[in-house]
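To start, the structure itself, in structure tokens.
The values are calculated or read from the model by the stated rules, or taken from the named source; none is laboratory data. Computed from a predicted model, the values in this text were never measured in an experiment. Don't worry about glycine lacking a Cβ; one is built from the backbone with ideal geometry, like all the others, and counts go over all protein chains shown. All accessible areas refer to the heavy atoms of the entire protein, side chains included, with ligands and DNA or RNA removed. Shrake-Rupley method; radii C 1.70, N 1.55, O 1.52, S 1.80 Å.
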Amino acid sequence: MKAIAVIPGQQNSIHMQDAPDPAPAVNEALVRVLRVGLCGTDAEINSGLYGEAPSGSDYLILGHENFGVVESVGSEVKGIKPGDYVVASVRRPCTECFNCQHGRADLCTSGKYTERGIKGRHGYMAEHYTESPEFLFKIDKAIKDIGVLLEPMTIVEKGAAQALEIQKRLPSNPRTALVFGAGPVGLLAAAALRVRDLDTLVVSKEADSDPRAQIAKAMGCRYFSIDGTSLGQLGKRIPCPDMIMECTGSSAVGFAAMQMLAADGILCLLSVTGGDKTELVHAAEINRDLVLRNNVVFGSVNASPTHYKLAIRALKTAQKKWPGVLAQLITTRLPWTDFAKWFNREVSGIKTTLEIRG
Ligand code: BGC
């Protein structure tokens, strides 16, 4: 079969190649990939900054945001049948840590987990893949068109669900939220907060007329364009929120957000910031404010099966509440042979997908 792969560690090595046709075991399904979503992690892997090939392979098939259809199932497979639309999760457990052994590879403590399309395991930018049903999630026809957004939705669902869980420490419930960034992750975070009825403000650099701002408003969020306003001044211009989700990819924004929380508020950091950039921060002031305001700052990565189920429910609710709005996140659908256009930054917009035809 054809696949899109990189040589991990080698800059701009992305290419299309032949790869062995996967042969499903009796307890696996064979899935035909229909589309994959592209994200910053894919770009970073192609820059040689991140990513690891499976052991014994010198290449890594890229792609972790996926959507496909089951083509056949092995004799021992239950619960999934040919014709079902499915999304496969990304992370697979290590063999040694307690959390991985208890279904929580997203909380792996050994660092020896693998991730399809990212770390030590081939991904979904291929005509087919095989997988155990344990890692496959069925997608209803109602959300088929936005099924490729499920994986990034699981990331924000985990962040939001954990933040609310941690805030059970308080007698009151969080009411106001702020999302930094109106890229795909930021807008999905806004959706996750709005389906929970939080009063949500999205802050990003795009103008008020930008489609990103329009999508945020269509989901009942307020939108604030940070264009021309320094992050420091922003804290004086908007009310301090009970909850912040940082989705910009900038560590500077993460630190600024720490000083914008309301008393008892919580900040969820979701950006996997690449590189080793340093920032000058007011360490004593930040530390003092976090202490005196009982604030919580936490990071969140990947997602568990529970978050996949929550994310499916959130996509369905969003589709009912705001029909067609999340679909507007997918601004470019490229035939997969045109993958280089996105990696060479010839495509702008919110989310680009590669449409895979066998
Ligand atoms: C993916 C996650 C993954 C993380 C770290 C993100 O882009 O969406 O599934 O755990 O990168 O590799």
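Assorted remarks:
- Burial order of peptide ranges 301-307, 90-96 (average beta-carbon count within 10 Å, highest first): 301-307, 90-96
- The chain - charge dipole about Cα centre, Lys and Arg +1 at Cβ, Asp and Glu -1, debye rounded to 20: 1020
- Measuring between alpha carbons in the structure, the pairs from Lys2/Lys341; Lys119/Lys309; Lys2/Lys144; Lys81/Lys144; Lys144/Lys321 lying more than 20 angstrom apart are Lys119/Lys309; Lys2/Lys144.
- The Cβ shell under 12 Å around Ile80 holds other residues with a net charge of -3, Lys and Arg each +1, Asp and Glu each -1.
- Residue-normalised accessible area of the chain, given per residue in Å² at a 1.4 Å probe: 45
- Farthest toward the positive end of the dipole of region 153-299, out of Val185, Leu170, Met153, is the Cα of Leu170, where the dipole comes from beta carbon charges about the Cα centre.
- Since only Met243, Val26, Ile14 are under comparison, the one whose Cα sits farthest along the positive direction of the charge dipole of the chain, derived from C-beta charges on Lys, Arg, Asp and Glu, is Met243.
- One chain, two ends: Thr273 and Lys138. Fully extended at 0.36 nm per residue, the span grows by 45.5 nm beyond their Cα-Cα distance.
- Net +/- balance of residues flanking Pro22 in space, Cβ distance below 14 Å, scoring K and R +1, D and E -1: -2
- Charge sum, other residues only, whose C-beta stays under 10 Å from Leu170's C-beta, Lys/Arg counted +1 and Asp/Glu -1: 0
- Taking every DSSP helix (H) stretch of at least 4 residues in the chain, weighting each as -39,500 (n - 2.57) and dividing the sum by the residue count yields a mean residue ellipticity at 222 nm of -7500 deg cm²/dmol.
- For region 23-92, GluC sites (Glu not before Pro) are listed when DSSP marks them as loop and at most 16 other Cβ atoms sit within 10 Å of their Cβ; the list is Glu76.
- Here the extension length gained between Lys78 and Ala283 equals 68.4 nm, from 0.36 nm per residue of separation less the Cα-Cα distance.
- Cβ charges +1 (Lys, Arg) and -1 (Asp, Glu), total dipole of region 120-167, debye: 40
- Rel. contact order, % - alpha carbon contacts under 8 angstrom, at least six apart, the chain: 17
- Among complete DSSP H helices in the chain, those whose alpha-carbon atoms stretch at least 15 Å along the helix's long axis and whose mean Kyte-Doolittle hydropathy reaches -0.5 are 150-166, 184-195.
- Legend: calculated FRET efficiency, Phe98 to Arg237, from the Cβ-Cβ distance at R0 = 41 Å, rounded to 0.05, equals 0.35.
- Student exercise, region 124-220 dipole from Lys, Arg, Asp, Glu Cβ charges, in Debye to nearest 20: 420
- Only protein atoms count toward the accessible area here, which uses a 1.4 Å probe; on the chain, the carbon and sulfur part of that area reaches 51 percent.
- Part-to-part distance (alpha-carbon centres) for region 324-358 and region 184-210, which is given in Å: 21
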